[in-house]
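Throughout, read-outs are computed from the coordinates displayed, never taken from laboratory work. The shown structure was predicted, so the numbers you read here are calculated from the model rather than taken from an experiment. Here Cβ is always computed from backbone atoms with ideal geometry, including for glycine, and neighbour counts include all displayed protein chains.
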Amino acid sequence: MTDARFPDTWAPYMTWAKHQRKARWDLTGSNLLPCAMEEMPGARDAMELYGRNDDGWPPLVEAVAQRFGVTTEEVATATGGSGANFLAFAALVRPGDHVLVESPGYDPHGGAARFLGAEVTTFQRRWKDRFRLDPEAVARAVTPRTRAIVITNLHNPSGAYASRADLEAIGAVARSVDAKVVVDEVYLDASFGVDSTPAARLGPEFISTSSLTKSYGLAGVRVGWLLADPDTIERCLRVRDVVDAVGSIPSETIGAFAFQHLDRLLDRARTILQANHRLMGAFVEGRKELDWLVPAGGGVAFPRLLGVDDVSDFVEWARRHHDVGVTPGSLFDTPAHFRVALAGERSVLETGLQLLGQALDDWGG
Ligand SMILES: Cc1ncc(COP(=O)(O)O)c(C=O)c1O
């Protein structure tokens with residue numbers, strides 16, 4: 001039964017990611033290689049089934065605040081980075097407001113804003129600028145009705161890093177129209193050699209969202225958080241009253257435990273990611289038909305297939321004939337690129353890239 005009020009999907013990439021026919025050598029994801037229970041000794045004993053977490057499990061809220069250098073009034077927990085983003089949008093946006101999202105970008109951002117009744121438009125992060133944020137493009141795209149400007153740092157899909165200067169310039173644009181900048185930082189902690197201070201520390205016009213999924217290997221725990229000024233956090237908490245009321249106690253108690261071991265989890269992440277980034281770098285270097293922005297860390301890369309406007313046929317062909325899967329750039333409105341997962345098992349990446357190379361040879365030849 002169709003109902004015109006409901007599109008088939010609010011977020012085509014997300015629906016595709018869940019339902020696609022996965023290749024044997026799957027390089028389509030972005031989660032960090034899952035951390036097993038055995039890699040977190042003590043986690044089972046730390047898990048509780050009951051407790052009071054009315055506005056977040058207090059030890060988790062405290063651990064997040066301490067880790068990121070903010071007060072507990074500036075923290076809300078949420079169901080993953082996804083839940084954090086939703087609470088942020090729901091706390092900022094009412095029907096008819098305008099939300100500005102980046103393109104290419106992570107489509108649940110625009111999807112959630114549309115779901116809340118916002119008008120959503122995009123500003124471009126251009127390949128010719130190596131996907132760098134362009135504060136002038138943001139300034140041209142805001143309106144007096146803009147309530148949220150949404151960006152990722154590191155950028156999904158390219159892994160580009162947003163400098164403090166560019167963030168501050170976008171913050172000034174937001175202030176000029178009384179909007180906030182939501183910075184989705186799920187990949188930021190697992191960056192290499194850049195400042196990973198959350199944007200929320202720059203001023204009250206910024207909201208940072210993040211989780212234990214991409215940088216810590218705990219996607220299944222579904223622990224996320226927002227960092228924002230106390231008024232915005234209070235509004236997020238009151239939105240949560242009507243979204244899912246409270247977080248899961250098993251999740252939040254394991255989350256609090258994970259925060260006690262966060263540096264170890266981050267070392268694990270960097271070890272996995274650095275080896276995989278090296279593999280990817282060597283692969284792209286060896287392929288004259290590919291160009292890319294070297295990501296500043298994180299779990300994804302977004303190479304361009306030179307001389308081709310839309311890689312979708314190639315991606316489908318590689319899956320069918322070589323059983324290797326990458327994400328077509330069309331799902332990020334950037335069809336000349338494809339996204340490669342760099343956060344999984346090294347052996348899968350190694351074989352996947354070999355097969356991708358064979359697919360490029362055969363397809364071109
Ligand atoms: C930019 C971005 N934000 C949020 C998420 C969702 O993360 P979580 O598992 O914490 O909900 C993803 C997952 O792909 C992502 O790429």
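Of note:
- Simple spin-label estimate for Gln358 and Ala46 gives 4.3 nm between the two label positions (7 Å along the Cα-to-Cβ direction from each Cα).
- Label-point separation in nm, Asp3 to Leu202, each point 7 Å along Cα→Cβ: 4.0 nm
- Once divided by 2.2 N^0.38 Å, the Cα radius of gyration of the range 1-127 becomes 1.35.
- Take every Cα pair under 8 Å whose residues are at least 6 apart in sequence, average their separation, divide by the length of the chain, and the relative contact order is 24 percent.
- Beta bridges per DSSP with both ends in the chain, % antiparallel, nearest 5: 45 percent
- Efficiency of FRET between Glu350 and Asp291 - r from beta-carbon atoms, R0 22 angstrom, step 0.05: 0.55
- In loop segments of the range 1-49 as defined by DSSP, there are no GluC sites (Glu not before Pro) with at most 12 further C-beta atoms inside 10 Å of their C-beta.
- Highest-first packing order for the peptide set 16-28, 159-171, 99-111 is 99-111, 159-171, 16-28, based on the mean count of other beta carbon atoms within 10 Å.
- For Val300, nonlocal amide neighbours, meaning residues 5 or more places apart or on other chains whose placed amide H falls under 5 Å from its own, are Leu342.
- For the range 46-63, 3J(HN,Hα) computed residue by residue from phi via the Karplus equation (6.51, -1.76, 1.60; θ = phi - 60°) reads 7, 6, 10, 9, 10, x, 9, 10, 3, 10, x, 5, x, x, 6, 4, 5, 5 Hz, glycine and proline entered as x.
- Label separation (Arg126 vs Arg278): 3.6 nm, computed from points 7 Å beyond Cα along the C-beta direction.
- Dividing the helix sum by the residues of the chain, where each DSSP H run of 4 or more adds -39500 (n - 2.57), gives a mean residue ellipticity at 222 nm of -12500 deg cm²/dmol.
- Rounded to whole numbers, the Karplus 3J(HN,Hα) couplings from phi for the range 306-314 are 5, x, 10, 7, 9, 7, 3, 5, 4 Hz, using 6.51 cos²θ - 1.76 cosθ + 1.60 with θ = phi - 60°, and x at Gly and Pro.
- Spatial separation of Cα centroids for the range 153-167 and the range 177-253, in angstrom: 16 Å
- Of the peptides 184-195, 256-267, the ranking by mean beta-carbon count within 10 Å, highest at the top, reads 184-195, 256-267.
- Normalised by residue number, the volume inside the convex hull of the Cα atoms of the chain is 142 Å³ per residue.
- Rounded to the nearest whole Hz, the Karplus-based 3J(HN,Hα) values (6.51 cos²θ - 1.76 cosθ + 1.60, θ = phi - 60°) of the range 148-155 follow the sequence 9, 10, 10, 9, 10, 8, 4, 5, with x at glycine and proline.
- Here r is the Cβ-Cβ distance between Asp244 and Ser103 and R0 is 30 Å; the resulting FRET efficiency, rounded to 0.05, is 0.55.
- Number of Lys pairs (Cα under 25 Å; 8 or more positions apart or on different chains) in the chain: 4
- Counting every pair of alpha carbons in the range 48-262, the share spaced more than 21 Å apart comes to 49 percent.
- As a calculated quantity, the FRET efficiency between Arg21 and Asp309 at R0 = 25 Å, using C-beta atoms, amounts to about 0.55.
- Close amide H contacts of Asp26 (hydrogens built in the peptide plane, cut-off under 5 Å, sequence separation of 5 or more or a different chain): Gly325.
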